[in-house]
1. Answer yes or no as to whether residue 219 is touching a residue at least 12 places away in the same chain (Cβ under 8 Å), of a type outside the set (Lys, Arg), buried (at least 17 other Cβ atoms within 10 Å of the Cβ) and assigned to a helix (DSSP H, G or I).
2. How do the pairs read when you match residues in segment 239-253 that are in contact (Cβ under 8 Å) with a residue 24 or more places away in the chain and over 15 Å from residue 79 (Cβ atoms) with residues anywhere that are part of a helix (DSSP H, G or I) and of a type in the set (Ser, Thr, Tyr), using Cβ under 9 Å and keeping only pairs 6 or more apart or on different chains?
3. Checking residue 214 against (1) more than 25 Å from residue 118 (Cβ to Cβ); (2) of a type outside the set (A, V, I, L, M); (3) within 18 Å of the chain's Cα centre (by Cα), only one condition comes out false. Which one?
4. When you go through 224, 206 one by one, which is the residue that is of a type in the set (Asp, Glu) and either touching a residue at least 24 places away in the same chain (Cβ under 8 Å) or touching a strand residue (DSSP E or B) at 6+ places or on another chain (Cβ under 6 Å) (or both)?
5. Looking at segment 153-167, I want the residues that are within 21 Å of residue 264 (Cα to Cα) and touching a residue at least 24 places away in the same chain (Cβ under 8 Å) and have a partner that is assigned to a loop (DSSP other than H, G, I, E, B) and polar (S, T, N, Q) with Cβ atoms under 8 Å, at least 6 apart or on another chain. Which pairs are those?
6. Hey, among 133, 155, which residue is surrounded by fewer than 17 Cβ atoms within 10 Å (Cβ to Cβ) and part of a loop (DSSP other than H, G, I, E, B)?
7. Can you tell me which residues in segment 99-125 are free of Cβ contacts under 8 Å to residues at least 12 places away in the same chain and either among the β-branched types (Val, Ile, Thr) or within 23 Å of residue 268 (Cα to Cα) (or both)?
Amino acid sequence: MTRDPFRIRDHVTEFDDIVAEIVRRSAETRAKIPIVADVAYGPDVAETVDLFFPLGKRDRLPVHMFIHGGYWRMFSKRDYSYVADTVTRAGAIAIIVDYSLMPSVRMAAIVEQVRRAKRWVLEHIAEHGGDCGRLTVSGHSAGAHLATMLFNDDGRSSSVKGALLLGGLYELKPLQTSFLAAEIAITDEEAASLSPLTHRFDPAVEVEIAVGAEETPPFHSQAEAFAKHLRKQGLAVSQTALSGANHMSSVRDLGVSGTEASDRLAKLIAT
């Protein structure tokens, strides 16, 4: 039987070990880094962000939003607090975003939630010492898909300086015949309207598209297709294949000092 290239557990033997590691690292991060937790950005109970701060004076600091993955149907912001290690070490405020999960809501609702989170940042982050003019974003897997929805309007400024998209999903139609057909049942309308490959984007945003070198073929082909799509629209795009990394180790490494993934994230924040 052919293994589903989108079912990560089938291709990453250490899947459970990595999940346990990132949950542990996240608990350690919440214990050691200054945090303002569970700040509401909208009316739904799931619409909250955690803010993590570097040590020192909070005055016009860079701001970075991270959106977690899990195929829109698992994990939470608490599982990904560890990303704030790299963000705060780079001197920025880390904003780890939570959102509702499919199938209790549809994908369009999640897209609107992360957009509300960005609006909250633009309107309120100055109250926490951040500079909304120095906003960057990143996301992993489904989170990379959602991150694109923060700068997918070429008719006006997105207020996003740069984006790191890691192991992202940019064409949704192939998921209709994957294991996700039973789990979240992506519709034809969702595939057509919410695939980033059908959108236009803010040409002022600098984008890095990264994928683990050991990812399954669809993640590589989608990264290549999306990079071409953005370049045709005039965006500055760089592409990275993270050496030795798979779909899970790549996102773990975002919070591990000295790794290629964390170095890329720190470089994005410094732009």
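1. On the way: touching a residue at least 12 places away in the same chain (Cβ under 8 Å): yes; of a type outside the set (Lys, Arg): yes; buried (at least 17 other Cβ atoms within 10 Å of the Cβ): yes; assigned to a helix (DSSP H, G or I): yes.
Criteria met by residue 219.
2. Partner pairs satisfying both residue conditions: 242/249; 242/250.
3. Tallying (1) more than 25 Å from residue 118 (Cβ to Cβ); (2) of a type outside the set (A, V, I, L, M); (3) within 18 Å of the chain's Cα centre (by Cα), residue 214 fails exactly one: (3).
4. Working: 224 fails: either touching a residue at least 24 places away in the same chain (Cβ under 8 Å) or touching a strand residue (DSSP E or B) at 6+ places or on another chain (Cβ under 6 Å) (or both).
Result: 206 is the single residue among 224, 206 that is of a type in the set (Asp, Glu) and either touching a residue at least 24 places away in the same chain (Cβ under 8 Å) or touching a strand residue (DSSP E or B) at 6+ places or on another chain (Cβ under 6 Å) (or both).
5. Taking only residues 6 or more apart or on different chains, the pairs are 161/271; 162/271; 166/141; 167/141.
6. Working: 133 fails: part of a loop (DSSP other than H, G, I, E, B).
Every option except 155 fails the conditions.
7. Pass one, segment 99-125, residues free of Cβ contacts under 8 Å to residues at least 12 places away in the same chain: 104-105, 109, 112, 123-124.
Selection gives 105, 123, 124.
Here is a yes/no grid of residues against (1) buried (at least 16 other Cβ atoms within 10 Å of the Cβ); (2) more than 13 Å from the chain's Cα centre (by Cα):
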{"site": "22", "(1), (2)": "yes, yes"}
{"site": "38", "(1), (2)": "no, yes"}
{"site": "50", "(1), (2)": "yes, yes"}
{"site": "65", "(1), (2)": "yes, no"}
{"site": "68", "(1), (2)": "yes, no"}
{"site": "118", "(1), (2)": "yes, no"}
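The values are calculated or read from the model by the stated rules, or taken from the named source; none is laboratory data. Keep in mind that what you see is a predicted model, and the values were worked out from it rather than measured. Neighbour counts run over all protein chains shown; Cβ positions are idealised from the backbone, glycine included.
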